[in-house]
Ligand SMILES: [Zn+2]
Ligand SMILES: [Zn+2]
């Protein structure tokens, strides 16, 4: 069957990453807690929003990807089912 990791290409794109400058690596839109009043009049901590730049990962890809042989299939592009 086709390797699910590289989709049969035999290589996978490996990106260099750096700490997201928007959230400083926290993955959150704001680094301090925000509060809101809910429908019962209770003050509660707001669920922090994900950082839009890194989508919550805290790191962003930089530069061009480097194509490296897929580790799952060893670069063949297919794996054998048992
Ligand atoms: Zn593969
Ligand atoms: Zn971020």
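Values in this text are rule-based calculations from the coordinates and carry no lab data. Model, not experiment: these values are computed from the prediction. Positions of Cβ are backbone-derived with ideal geometry, glycine not excepted, and every protein chain shown enters the neighbour counts.
What number of residues within the stretch 61-76 are in contact with a strand residue (DSSP E or B) (Cβ under 7 Å, 6 or more places away or on another chain) and either surrounded by 12 or more Cβ atoms within 10 Å (Cβ to Cβ) or over 22 Å from residue 21 (Cα atoms) (or both)?
Our first condition is that a residue be in contact with a strand residue (DSSP E or B) (Cβ under 7 Å, 6 or more places away or on another chain); within the stretch 61-76, this holds for 61-63, 65-70, 75.
Among the residues that remain, those that are also either surrounded by 12 or more Cβ atoms within 10 Å (Cβ to Cβ) or over 22 Å from residue 21 (Cα atoms) (or both) are: 61, 65-70, 75.
Selection size over the stretch 61-76: 8.
Go through the stretch 47-77 and give me each residue that's farther than 30 Å from residue 24 by Cα and more than 15 Å from ligand 1 (Cβ to nearest atom).
Result: no residue meets the conditions.
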